[in-house]
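Trainee: One structure coming up, written as structure tokens, with questions to follow.
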Amino acid sequence: MVDLTQKIADYVKQSKVSNGIITIFVAGSTGSIITIEFEPGLIRDFPEMLSRIIPKDLDYGHEQMWHDGNGHSHVKASLIGPSITIPFVNKKLCLGSWQQVVFLELDTRNRNRELILQIMGE
Amino acid sequence: MVDLTQKIADYVKQSKVSNGIITIFVAGSTGSIITIEFEPGLIRDFPEMLSRIIPKDLDYGHEQMWHDGNGHSHVKASLIGPSITIPFVNKKLCLGSWQQVVFLELDTRNRNRELILQIMGE
Amino acid sequence: MVDLTQKIADYVKQSKVSNGIITIFVAGSTGSIITIEFEPGLIRDFPEMLSRIIPKDLDYGHEQMWHDGNGHSHVKASLIGPSITIPFVNKKLCLGSWQQVVFLELDTRNRNRELILQIMGE
């Protein structure tokens with residue numbers, strides 16, 4: 001998990017838009033964006049929940065096809081989704097005090113990731 | 001669960017924007033927004049599903065850290081997500097006839113909640 | 001599952017907007033939009049995961065109320081969500097190479113579906 005909150009907040013601050021929404025999107029099918037309280041407990045709990053409902057070692061059709069060992073990664077990513085849209089007002093993200101925006105790597109190997117940040121507003 | 005559909009529809013109607021999208025966002029990490037047919041059966045079924053896959057009494061890291069009894073609330077909220085974006089045309093939300101927009105309280109105690117409604121369009 | 005990627009890409013190309021976001025929304029409470037690598041393995045794996053965590057034959061309150069056999073369809077659809085928002089730049093969707101936008105029919109019978117595509121940008 002990578003906490004993106006500060007980077008997103010900075011990006012909004014440096015833009016010319018005061019009020020609007022920002023969409024953060026993962027270009028890829030084995031990563032996701034969530035909001036979560038970014039603390040050590042939940043950093044363990046959330047992936048554990050995913051592995052409980054989408055175990056690594058089931059008989060995945062994706063595995064039979066591609067043999068890259070990441071069928072569960074794809075299924076997890078499609079369940080959670082590739083993006084989050086967050087409103088901002090006066091260049092400030094409308095997040096709760098204990099709510100961070102986090103990239104979730106779901107693949108079995110480390111990867112370089114392209115995230116798209118798109119701001120809309122006025 | 002709180003049905004927000006009428007409030008959101010009114011907010012769109014009273015805005016100066018005719019066509020666009022509205023984003024509803026929960027500023028907080030233990031509540032979520034969903035669309036659902038808001039009827040007594042599903043009002044029971046949906047939380048039951050969540051409690052089945054994310055039981056209250058597992059050994060949550062969040063609980064060991066904070067002892068506030070709501071580890072499962074956080075995990076549920078991060079799974080479902082904090083927001084919904086809905087298109088509207090001629091100031092009318094593009095919802096199905098049996099599709100309502102609903103706030104889902106996932107915490108263990110009642111809380112005052114801040115929801116942000118952000119309209120984009122022309 | 002229906003792969004919508006080409007239709008959405010065409011729609012963006014034909015619009016007057018060069019940079020922005022497109023929201024794809026299902027007007028209905030038993031269908032969803034996901035992104036996924038659209039290949040035969042995952043086309044089997046993703047629905048299997050959903051049926052594992054939300055089985056067809058539980059005692060759904062929705063079933064007791066309406067007797068239409070699709071309580072699980074509603075619960076699945078509310079979990080995954082009705083929409084996806086995708087950024088685009090120079091009229092090109094910011095998708096990964098193996099990431100498609102897919103409509104997921106979750107109801108027990110085939111239905112005509114209304115999808116709303118709303119483009120925002122400049």
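Trainee: Could you tell me how many of the residues in the range B:18-50 are under 14 Å from the mean Cα position of the chain (by Cα) and small (Gly, Ala, Ser)?
Mentor: Within the range B:18-50, residues that are under 14 Å from the mean Cα position of the chain (by Cα) and small (Gly, Ala, Ser) number 5.
Trainee: Given the options A:53, A:43, A:80, name the one that is of a type in the set (A, V, I, L, M, F, W, C) and more than 16 Å from residue C:49 (Cα to Cα).
Mentor: Exactly one residue qualifies, and that residue is A:43.
Trainee: If a residue counts only when it is open to solvent by less than 10 Å² (accessible area, probe 1.4 Å) and touching a residue at least 24 places away in the same chain (Cβ under 8 Å), which helices (runs of 4 or more DSSP H) contained entirely in the range B:1-100 have at least 1 such residues?
Mentor: In the range B:1-100, B:5-14, B:40-53, B:71-80 are the helices (runs of 4 or more DSSP H) which contain 1 or more residues that are open to solvent by less than 10 Å² (accessible area, probe 1.4 Å) and touching a residue at least 24 places away in the same chain (Cβ under 8 Å).
Trainee: Related question: Is one or more of the residues making up the range A:36-45 touching a Lys or Arg at 6+ places or on another chain (Cβ under 6 Å) and more than 9 Å from chain B (Cβ to nearest Cβ)? Steps first, answer last, please.
Mentor: First, the residues of the range A:36-45 that are touching a Lys or Arg at 6+ places or on another chain (Cβ under 6 Å): none.
No - not one qualifying residue is present in the range A:36-45.
Trainee: Next question, about the same structure. Which residue out of A:43, A:34, A:21 is in contact with a helix residue (DSSP H, G or I) (Cβ under 7 Å, 6 or more places away or on another chain) and at pLDDT 95 or above? Lay out the reasoning, then the answer.
Mentor: Details: A:43 fails: in contact with a helix residue (DSSP H, G or I) (Cβ under 7 Å, 6 or more places away or on another chain); A:21 fails: in contact with a helix residue (DSSP H, G or I) (Cβ under 7 Å, 6 or more places away or on another chain).
Of A:43, A:34, A:21, the one residue that is in contact with a helix residue (DSSP H, G or I) (Cβ under 7 Å, 6 or more places away or on another chain) and at pLDDT 95 or above is A:34.
Trainee: Considering the range A:85-98 alone, what residues qualify as being more than 7 Å from chain B (Cβ to nearest Cβ) and within 27 Å of residue C:93 (Cβ to Cβ)? Full working, then the answer.
Mentor: Applying the first criterion (more than 7 Å from chain B (Cβ to nearest Cβ)) to the range A:85-98 yields A:88-93, A:97.
Within the range A:85-98, A:88, A:93 qualify.
Trainee: Using the structure shown, decide if residue A:24 is out of contact with any strand residue (DSSP E or B) (no Cβ under 8 Å at 6 or more places or on another chain) and within 12 Å of chain B (Cβ to nearest Cβ). Spell out the reasoning first.
Mentor: Values: out of contact with any strand residue (DSSP E or B) (no Cβ under 8 Å at 6 or more places or on another chain): no; within 12 Å of chain B (Cβ to nearest Cβ): yes.
Criteria not met by residue A:24.
Trainee: I've got another one for you. Just checking, does the range B:23-40 include any residue being of a type in the set (Phe, Trp, Tyr) and either over 16 Å from residue A:35 (Cβ atoms) or touching a His at 6+ places or on another chain (Cβ under 8 Å) (or both)?
Mentor: Taking the range B:23-40 first, the residues of a type in the set (Phe, Trp, Tyr) are B:25, B:38.
Then drop every residue that is not either over 16 Å from residue A:35 (Cβ atoms) or touching a His at 6+ places or on another chain (Cβ under 8 Å) (or both), which leaves B:38.
There is at least one residue in the range B:23-40 that is of a type in the set (Phe, Trp, Tyr) and either over 16 Å from residue A:35 (Cβ atoms) or touching a His at 6+ places or on another chain (Cβ under 8 Å) (or both).
Trainee: So, one more: Closer than 18 Å to residue B:80 by Cα and facing another protein chain (nearest Cβ under 8 Å): does that describe residue C:54?
Mentor: yes
Trainee: Could you list all residues from the range C:101-122 that are within 14 Å of chain B (Cβ to nearest Cβ) and crowded, with 22+ Cβ neighbours inside 10 Å?
Mentor: C:106, C:118, C:120
The values are calculated or read from the model by the stated rules, or taken from the named source; none is laboratory data. Here the structure is a predicted model, which is why all the values come from computation and not from measurement. As a convention, Cβ positions derive from the backbone with ideal geometry for all residues, glycine included, and neighbour counts pool all protein chains shown. To get the accessible areas, we keep the full protein, side chains included, count just its heavy atoms, and leave off ligands, DNA and RNA. Shrake-Rupley method; radii C 1.70, N 1.55, O 1.52, S 1.80 Å.
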